[in-house]
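The values are calculated or read from the model by the stated rules, or taken from the named source; none is laboratory data. These figures come from a predicted structure and were not determined experimentally. Neighbour counts are summed over all protein chains in view; Cβ atoms, including those assigned to glycine, are modelled from backbone coordinates with ideal geometry.
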Amino acid sequence: MRVPKGIIRVVDLFEVIRRRRSVRAFAPEAVEAEKVAQVLAAANAAPSAGNLQGYEIFRVTREKERAALARAARDQFFVAQAPVVLVFCANQARSAAKYRERGARLYAIQDATIACAFAMLAATALGLGTVWVGAFDDAAVQRVLGCPDLLPVAILPVGYPAEEADPMLTTRSGSQVMAVHPSPGLWPSTFTASGTRSPFKPVRTICR
Ligand SMILES: Cc1cc2nc3c(=O)[nH]c(=O)nc-3n(C[C@H](O)[C@H](O)[C@H](O)COP(=O)(O)O)c2cc1C
């Protein structure tokens, strides 16, 4: 694969995934425009249903709007501290035009979500900190952005970390992965998290 010099830093994806942790304190220094562009390019590279990109990304840099977003996010003031705040909004109408109710209810939100996840990983690869902020008042965010027709999905403050994230502070329990080859009766005592019986064999995967 040819990699254009100076634009893309090649880092190990698994190292980036392992290193990413939520950052909730940001240094005041600006984020270089080129890095913001790389983060947005990564978001743009994410898959989307029907390749419709059923989302819009707002790049908010003015202090006034960052502060308003922090207030909309239930006074999570670190949002305003980050020099760049990206807001990922689902464009449900765009997805619904092709996929109707499923597009509006599911695909547009998934499109926005995966775009945000790509942006987070790109930011980490560039030495930037982020945190996914999902606790906010939808209407207040829509007012700040002037987009009553879009559904805000995630607020992503982006900046240089002013704190060292400790991966050990947010260790994971293993994910419960169900092997999909149904053998009813073989595992009679298998229950899903909701307590219902499952014909699938659970495979415990510990990823640390
Ligand atoms: C859907 C979603 C909503 C979240 N909302 C918030 C939030 O409003 N405020 C916040 O500080 N962190 C929020 N987080 C970040 C989680 O708290 C964090 O990812 C989790 O504790 C794991 O820590 P890590 O990101 O450092 O691995 C959210 C994460 C997700 C995926």
- request: For the range 22-32, name all the residues that are crowded, with 18+ Cβ neighbours inside 10 Å and in a loop (DSSP other than H, G, I, E, B).
  value: 23, 24, 31
task: Answer yes or no: is there a residue in the range 66-82 that is closer than 13 Å to residue 158 by Cβ, crowded, with 19+ Cβ neighbours inside 10 Å and touching a Cys at 6+ places or on another chain (Cβ under 8 Å).
output: no
field: Complete set of residues in the range 128-143 that are within 16 Å of the ligand (Cβ to nearest atom) and either touching a Phe, Trp or Tyr at 6+ places or on another chain (Cβ under 9 Å) or of a type outside the set (Ser, Thr, Tyr) (or both)
entry: 128, 129, 131, 132, 133, 134, 135, 136, 137, 138, 140, 141
- request: Would you please list the contacts, defined by Cβ atoms under 7 Å and residues six or more apart or on different chains, that run from a residue in the range 140-169 that is more than 23 Å from residue 23 (Cβ to Cβ) and part of a strand (DSSP E or B) to a residue that is modelled with pLDDT of 95 or more and among the charged types (D, E, K, R)?
  value: 151/138
message: Just to be sure I understand, how many residues within the range 60-80 are basic (Lys, Arg), closer than 15 Å to residue 135 by Cα and in a loop (DSSP other than H, G, I, E, B)?
response: 1
- prompt: Out of the residues in the range 118-127 that are within 16 Å of the ligand (Cβ to nearest atom) and aliphatic (A, V, I, L, M), which is farthest from residue 16 (Cα to Cα)?
  reply: 119
- request: Would you point out the residue of the range 74-100, among those that are within 15 Å of residue 140 (Cβ to Cβ) and within 16 Å of the chain's Cα centre (by Cα), that is nearest to the ligand (Cβ to nearest atom)?
  value: 79
message: Can you report the number of residues in the range 133-176 which are modelled with pLDDT of 85 or more, within 22 Å of residue 114 (Cα to Cα) and either crowded, with 17+ Cβ neighbours inside 10 Å or among the charged types (D, E, K, R) (or both)?
response: 18
- request: Evaluate the range 4-15: report whether one residue or more is touching a residue at least 40 places away in the same chain (Cβ under 8 Å), under 18 Å from the mean Cα position of the chain (by Cα) and within 16 Å of the ligand (Cβ to nearest atom).
  value: no
